[in-house]
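Just below is one structure, and these are the notes that go with it.
The values are calculated or read from the model by the stated rules, or taken from the named source; none is laboratory data. Only a predicted model underlies this, so the values are computations on that prediction, with no experimental measurement involved. All Cβ positions, even for glycine, are placed from backbone atoms using ideal geometry, and neighbour counts span all protein chains on display.
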Amino acid sequence: MATSIAIAGMLGLAAAGGMLVPATDTQGSIPLPYVGVVYAPPADPVVRRRDLEEMARLRFSIVVPRGADDQLLSIDRLLAGTGDPQPSVRDGTPAVRVEVVAGREPARVSADAWLAVARGARSVVFEDWTTLTGDAGALAAAADFAAHLFRNAALYAPLRPRTASQVVRVLDPGSPVEAAMLESPDALVVIAVNRRGSTEPAELRFSPEVPEAIWQNMLTGGSVNFVAGPDGPAYPHTFAPHGVLVLMIQKKWR
């Protein structure tokens with residue numbers, strides 16, 4: 001708790017009478033999944049507020065102060081100046097870092113973030129804010145990812161990796177495309193990511209229990225059908241360089 005309060009004080013915003021010091025209320029939490037940035041707060045409180053407001057506008061929900069890797073601080077609670085800004089991480093899994101390198105293709109930034117989710121990440125943190133704000137393409141890619149998870153939090157928050165082996169696989173074992181299936185009580189989600197910066201045709205193969213019915217493409221809004229096969233459904237797809245495919249189907253209809 002003392003560490004959290006100290007860091008919050010470092011990030012504190014200007015107020016009448018000085019800095020806002022958070023109270024010790026630890027009951028608040030923010031919804032999973034968390035998407036945020038590593039942030040080195042400047043000395044000027046006006047600049048800090050401006051930065052945090054811009055992060056919130058872009059739908060980032062947390063900051064990790066540089067040098068405090070175990071802290072996930074709620075941007076909304078920092079801006080409000082009430083309560084302990086450290087959210088309760090309900091499942092205890094650490095945030096996965098996505099490195100942002102100046103000049104890196106925006107598609108690579110997005111692909112790395114989605115790959116973390118495909119591998120079971122419950123929170124994704126881009127490293128860092130300074131690099132993002134110096135690269136408009138990278139910032140747009142990170143913000144699009146954050147906004148998508150924010151808009152669809154009810155879908156992504158309860159997802160967990162499907163435990164059955166090879167429920168989804170890429171036909172060519174040498175393909176740079178990595179695919180995974182996640183599930184919740186209400187939905188199945190397939191995430192496939194091209195790790196290479198070249199166009200890559202691939203065929204996803206599924207175990208027989210996977211439904212062939214209409215799946216929704218979460219990134220385009222379109223729909224796709226799998227192709228029936230003797231060993232289960234298949235879906236051929238040509239991936240753009242660092243391309244991402246996110247497909248969803250409901251387990252039950254309301």
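For the range 219-254, filtering for residues that are at pLDDT below 90 and closer than 19 Å to S184 by Cα leaves 4. When the residues of the range 143-163 are filtered to those that are loosely packed, with under 15 Cβ neighbours inside 10 Å and basic (K, R), the one that is farthest from V117 (Cα to Cα) is R151. Within the range 189-228, restricting attention to residues that are among the acidic types (D, E) and more than 24 Å from the chain's Cα centre (by Cα), the residue that is farthest from S110 (Cα to Cα) is E209.
So that you can scan it fast, the table gives a plain yes or no per residue for (1) over 29 Å from I249 (Cβ atoms); (2) without any contact (Cβ under 8 Å) to a residue 60 or more places away in the chain:
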| position | (1), (2) |
| --- | --- |
| D112 | no, yes |
| L132 | yes, no |
| D144 | no, yes |
| A157 | no, no |
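Inspect the range 85-101 for any residue being at pLDDT 90 or above and part of a helix (DSSP H, G or I) and give the result as yes or no. There is no residue in the range 85-101 that is at pLDDT 90 or above and part of a helix (DSSP H, G or I). Residue count for the range 172-226, restricted to those that are among the hydroxyl-bearing types (S, T, Y), under 19 Å from R162 (Cα atoms) and either assigned by TED's automatic domain parsing to the domain that holds D144 or part of a strand (DSSP E or B) (or both): 0.
Given the options A140, A146, A111, name the one that is modelled with pLDDT of 95 or more and in contact with a His (Cβ under 9 Å, 6 or more places away or on another chain).
Details: A140 fails: in contact with a His (Cβ under 9 Å, 6 or more places away or on another chain); A146 fails: in contact with a His (Cβ under 9 Å, 6 or more places away or on another chain).
Exactly one residue qualifies, and that residue is A111.
Reported count of residues in the range 108-130, each being hydroxyl-bearing (S, T, Y) and either in a strand (DSSP E or B) or buried (at least 21 other Cβ atoms within 10 Å of the Cβ) (or both), is 2.
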